[in-house]
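**Student:** Quick one: this structure, given as structure tokens, is what I'll be asking you about.
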Amino acid sequence: MTLNRTKHINGKAITLFGFNMKKKGKNRTLYKAIDESALVYKKMATVIYEHYLSILDNPISSNENNALSRAIKDIPHAFFKGRSPITNAQAHIGFDLTITIDIKDFFGSITDSMLASHFSSDVLDACFIDGTLPQGLATSPVISNIAMIGMDQKIYTYLSQYTSVIHQESSLRTLLNQISKTHNENEAEKNTFAYTRYADDISISINLRKDADARTQSTAIIKSISALLAESGFKVNTKKTKVMLDTGGYRIITGVAVNKHKIKATRKTIRLIRASMHNANLCKAEGLLNWADQIKRAM
């Protein structure tokens with residue numbers, strides 16, 4: 001049975017060529033438009049990207065929600081001009097703990113109904129296959145970011161409320177010892193968090209109170225984020241969920257090593273560079289060296 005599909009755009013029939021690709025033991029179906037058809041989808045992607053930016057720039061009525069709108073614009077780092085895995089990792093410098101969560105079958109979980117308020121039925125028909133977002137089309141990446149705007153808002157709002165409560169709570173020991181106002185102000189300064197998303201990779205960083213239990217806090221956050229994702233039809237790939245403490249060395253976020261003060265290339269990257277040079281795999285070595293140099297220059 002052929003995987004190819006025919007789409008009608010501006011009265012013209014366009015064939016999307018489907019093929020199965022095996023990656024990490026899993027079969028994935030990709031769709032490609034070629035030649036002039038590819039140009040049509042690239043032009044559509046450009047228009048959709050401009051629409052995406054206009055959504056992010058559109059302020060909400062209240063001052064509180066205006067602040068939320070500004071924060072939401074800083075969350076996505078994939079499929080966003082001027083951003084990369086490096087900028088994604090940079091946002092997490094200076095935190096005590098990082099949680100990384102992977103969304104299972106990300107593109108396949110995004111349905112046309114999620115975008116019904118943004119696009120006409122003709123655009124949805126052109127960009128979706130069997131009601132889900134296909135991998136391979138030029139339009140799919142930016143559409144995935146649009147589909148996640150509401151989810152990003154929910155996660156950001158939850159984290160804002162969670163960290164606010166955590167750092168405002170006073171322990172019994174604090175009350176008994178009547179800790180000074182100065183100490184409380186220092187704790188308030190740590191009432192911060194970072195939330196970024198690189199496509200299906202969610203990264204959350206928080207600062208811990210001195211009396212906080214990292215396991216308890218990370219478990220609560222993972223449970224709540226998983227529930228929020230499930231409400232919108234997304235599943236978490238629990239095998240890829242990680243909790244990393246800064247005390248354990250560098251935290252690895254989208255392939256970049258991060259600590260309290262800086263980012264750098266991971267040990268894995270350095271090992272791969274050495275192995276590639278040893279095996280005279282110059283193309284691979286050059287690519288890895290360029291990646292490491294980009295990380296270095298970002299600091």
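The values are calculated or read from the model by the stated rules, or taken from the named source; none is laboratory data. Fair warning: this is a prediction, and the values are worked out from it, not measured in the lab. Because the Cβ atoms are built from the backbone with ideal geometry, glycine has one as well, and the counts that use them run over all protein chains shown.
**Student:** Of the residues Asn27, Asn20, Asn10, Asn4, which single one is among the polar types (S, T, N, Q) and either more than 15 Å from Pro134 (Cβ to Cβ) or in the same structural domain as Ser140 (by TED's automatic domain parsing) (or both)?
**Tutor:** Values: Asn27 fails: either more than 15 Å from Pro134 (Cβ to Cβ) or in the same structural domain as Ser140 (by TED's automatic domain parsing) (or both); Asn20 fails: either more than 15 Å from Pro134 (Cβ to Cβ) or in the same structural domain as Ser140 (by TED's automatic domain parsing) (or both); Asn4 fails: either more than 15 Å from Pro134 (Cβ to Cβ) or in the same structural domain as Ser140 (by TED's automatic domain parsing) (or both).
None of the other options fit; the residue is Asn10.
**Student:** With a cut-off of at least 2 residues that are loosely packed, with under 14 Cβ neighbours inside 10 Å, name the strands (runs of 3 or more DSSP E) lying wholly within region 10-108. Walk me through it before giving the result.
**Tutor:** Working: elements: 12-23, 26-32, 97-104.
Counting at least 2 such residues, we get 12-23, 26-32.
**Student:** With charged (D, E, K, R) and under 20 Å from the mean Cα position of the chain (by Cα) as the only criterion, which of Lys264, Lys268, Lys284 stands out? Let's see the steps before the verdict.
**Tutor:** Details: Lys268 fails: under 20 Å from the mean Cα position of the chain (by Cα); Lys284 fails: under 20 Å from the mean Cα position of the chain (by Cα).
That would be Lys264, the only listed residue that is charged (D, E, K, R) and under 20 Å from the mean Cα position of the chain (by Cα).
**Student:** Shifting gears a bit: Return yes or no: is Lys240 modelled with pLDDT under 95, surrounded by 12 or more Cβ atoms within 10 Å (Cβ to Cβ), charged (D, E, K, R) and within 20 Å of His92 (Cβ to Cβ)? Walk me through how you get there before you give the answer.
**Tutor:** Details: modelled with pLDDT under 95: no; surrounded by 12 or more Cβ atoms within 10 Å (Cβ to Cβ): yes; charged (D, E, K, R): yes; within 20 Å of His92 (Cβ to Cβ): yes.
No.
**Student:** While we're on this one: Take Pro134 and tell me if it is under 15 Å from the mean Cα position of the chain (by Cα) and buried (at least 17 other Cβ atoms within 10 Å of the Cβ). Talk me through it step by step, then tell me what you get.
**Tutor:** Working: under 15 Å from the mean Cα position of the chain (by Cα): no; buried (at least 17 other Cβ atoms within 10 Å of the Cβ): yes.
So Pro134 does not fit the description; no.
**Student:** Could you check Glu36 against (1) touching a residue at least 60 places away in the same chain (Cβ under 8 Å); (2) outside the structural domain of Arg197 (by TED's automatic domain parsing) and say which number it fails?
**Tutor:** (1)
**Student:** Checking the condition under 30 Å from Gln217 (Cβ atoms), in the same structural domain as Met148 (by TED's automatic domain parsing) and among the aliphatic types (A, V, I, L, M), which residue from Ala116, Ala67 passes?
**Tutor:** Result of the check over Ala116, Ala67: Ala67.
**Student:** Which numbered condition in (1) at pLDDT 95 or above; (2) over 18 Å from the mean Cα position of the chain (by Cα); (3) surrounded by 17 or more Cβ atoms within 10 Å (Cβ to Cβ); (4) of a type outside the set (Ser, Thr, Tyr) is the only one that Ala116 fails?
**Tutor:** (3)
**Student:** Then there is this: Residues that are closer than 30 Å to Phe106 by Cα and either among the β-branched types (Val, Ile, Thr) or assigned by TED's automatic domain parsing to the domain that holds Ile110 (or both): does region 278-288 have at least one?
**Tutor:** Among the residues of region 278-288, not one is closer than 30 Å to Phe106 by Cα and either among the β-branched types (Val, Ile, Thr) or assigned by TED's automatic domain parsing to the domain that holds Ile110 (or both), which makes the answer no.
**Student:** Let me ask something additional. For region 258-272, indicate whether the set of residues that are surrounded by 15 or more Cβ atoms within 10 Å (Cβ to Cβ), at negative phi and part of a helix (DSSP H, G or I) is non-empty.
**Tutor:** Yes, the conditions are met somewhere in region 258-272.
**Student:** Lys73: touching a helix residue (DSSP H, G or I) at 6+ places or on another chain (Cβ under 8 Å), under 30 Å from Lys264 (Cα atoms) and among the charged types (D, E, K, R), yes or no?
**Tutor:** Values: touching a helix residue (DSSP H, G or I) at 6+ places or on another chain (Cβ under 8 Å): yes; under 30 Å from Lys264 (Cα atoms): yes; among the charged types (D, E, K, R): yes.
Yes, satisfied.
**Student:** Looking only at region 233-246, which residues are part of a loop (DSSP other than H, G, I, E, B) and closer than 13 Å to Ile202 by Cβ?
**Tutor:** Of all residues in region 233-246, those part of a loop (DSSP other than H, G, I, E, B) come to 233-234, 237, 241.
Of everything in region 233-246, those that are part of a loop (DSSP other than H, G, I, E, B) and closer than 13 Å to Ile202 by Cβ turn out to be Phe234, Asn237, Thr241.
**Student:** Is it the case, given these coordinates, that Ser109 is in contact (Cβ under 8 Å) with a residue 40 or more places away in the chain and among the small types (Gly, Ala, Ser)? Give the derivation first.
**Tutor:** On the way: in contact (Cβ under 8 Å) with a residue 40 or more places away in the chain: yes; among the small types (Gly, Ala, Ser): yes.
So Ser109 fits the description; yes.
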